[in-house]
């Protein structure tokens, strides 16, 4: 059984300064500087006016001229959500989270820890979070998400499969990033509920929408991919408060200082970094956050600075603070002969390290291997499949 913990409008609540602020009228997260001009999460009052996340800014303002646009706070959201995930992991959950405000975990390994029932797990989660969370459960991640969307803050809801999903609005698909664009197109075709979607043929959806249609069809039947829990990592960061609004060469010098301080931290213990996150507090309000993945795991400031400086150039406004966070700490790579001249075990270890670095940059599907299934088949697609490369 999969459990989903949902904190509705999490990004908007953090940016607005608390849930009480949402009662003041229609609100929405403003577009991030330099990004696509669409609104982010919206308040319940804005939702009642027909505004939804991802709507173009002009259309949203046309529907609600008094719509309050809240500057996004990605740094505050990331920090607050990390605290929530740590609390969930404290009860023993192996958590997967695609976005702030939504987390899933498998309840199978927690039953004996919390009374042997799902109710015991839900009670433990509520005690750990101490937040008005909605909790749902189901045989798959999408079913659990549907249950959480339907649940109330004091009572969990269980969706047991396709039959329970049938009455859900098609807008539920917006919670999956890969198919967030489909609900608008499906509504134009008269598909208003998940049950209507499940009644369509798989071939017709594939022909019209491609892979997104196939995924939507699977979700409508209660099917979803297995969870991919995150690996808890040590947090290593440095922060610098700037005495006055800084930009240009001043920020670059501040970045050099941050890199030197981060590498000098005794907690690093000689380990290298796969990636780093650069964040800034903006003078005009809000925050900014960018992630840089290095070509190879490194602790060389001469290699780190150009990669981070390229991200710093994207800063949309003068900054009043700067923060650098290390990600993916790993053992220092050994130097030696060329790959083909090394022993077989050392070659495999270097290959595994390269795979880990590639997955840090491009996600878990970045490294796959070809597995022969039916090499004599006349249909090319049946001859082999791609599976995760485990080294």
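The values are calculated or read from the model by the stated rules, or taken from the named source; none is laboratory data. What you see is a predicted model, and the numbers here were worked out from it, not measured in a lab. Ideal geometry is used to build each Cβ from the backbone, glycine not excepted, and the neighbour counts take in all protein chains shown.
Determine which single condition residue 184 fails, assuming it passes every other condition in (1) in a helix (DSSP H, G or I); (2) surrounded by 14 or more Cβ atoms within 10 Å (Cβ to Cβ); (3) within 20 Å of the chain's Cα centre (by Cα).
Unmet condition: (3).
Out of the residues in segment 54-72 that are in contact (Cβ under 8 Å) with a residue 60 or more places away in the chain and surrounded by fewer than 20 Cβ atoms within 10 Å (Cβ to Cβ), which is nearest to the chain's Cα centre (by Cα)?
Filtering segment 54-72 for residues that are in contact (Cβ under 8 Å) with a residue 60 or more places away in the chain and surrounded by fewer than 20 Cβ atoms within 10 Å (Cβ to Cβ), the one nearest to the chain's Cα centre (by Cα) comes out as 54.
Of everything in segment 120-149 that's touching a helix residue (DSSP H, G or I) at 6+ places or on another chain (Cβ under 9 Å) and part of a loop (DSSP other than H, G, I, E, B), which residue is surrounded by the fewest Cβ atoms within 10 Å (Cβ to Cβ)?
By that ranking, first place goes to 130.
Out of 177, 117, which single residue is in the same structural domain as residue 40 (by TED's automatic domain parsing) and surrounded by fewer than 21 Cβ atoms within 10 Å (Cβ to Cβ)?
Only one candidate qualifies: 117.
Looking for whichever is modelled with pLDDT of 90 or more, on the phi < 0 side of the Ramachandran plot and not assigned by TED's automatic domain parsing to the domain that holds residue 35 here; the options are 276, 338. Which one fits?
276
Hey, any hits in segment 4-27 for a residue that's under 14 Å from residue 66 (Cα atoms) and at pLDDT 90 or above?
So far as segment 4-27 goes, yes, one or more of its residues are under 14 Å from residue 66 (Cα atoms) and at pLDDT 90 or above.
Identify, please: which residue in segment 358-391 is part of a loop (DSSP other than H, G, I, E, B) and under 25 Å from the mean Cα position of the chain (by Cα) and is, among those, nearest to residue 277 (Cα to Cα)?
Step one: list which residues in segment 358-391 are part of a loop (DSSP other than H, G, I, E, B), which gives 363, 367, 373-379, 383, 389-391.
Filter once more, keeping what is under 25 Å from the mean Cα position of the chain (by Cα): 363, 367, 389-390.
On the way: 363: 16, 367: 23, 389: 27, 390: 27 Å.
Looking at residues that are part of a loop (DSSP other than H, G, I, E, B) and under 25 Å from the mean Cα position of the chain (by Cα), I get 363.
Of the residues 110, 165, which is out of contact with any strand residue (DSSP E or B) (no Cβ under 8 Å at 6 or more places or on another chain), buried (at least 19 other Cβ atoms within 10 Å of the Cβ) and more than 16 Å from residue 224 (Cβ to Cβ)?
On inspection, the qualifying residue turns out to be 110.
Looking at 104, 158 in this structure, which one is touching a strand residue (DSSP E or B) at 6+ places or on another chain (Cβ under 9 Å) and not assigned by TED's automatic domain parsing to the domain that holds residue 40?
158
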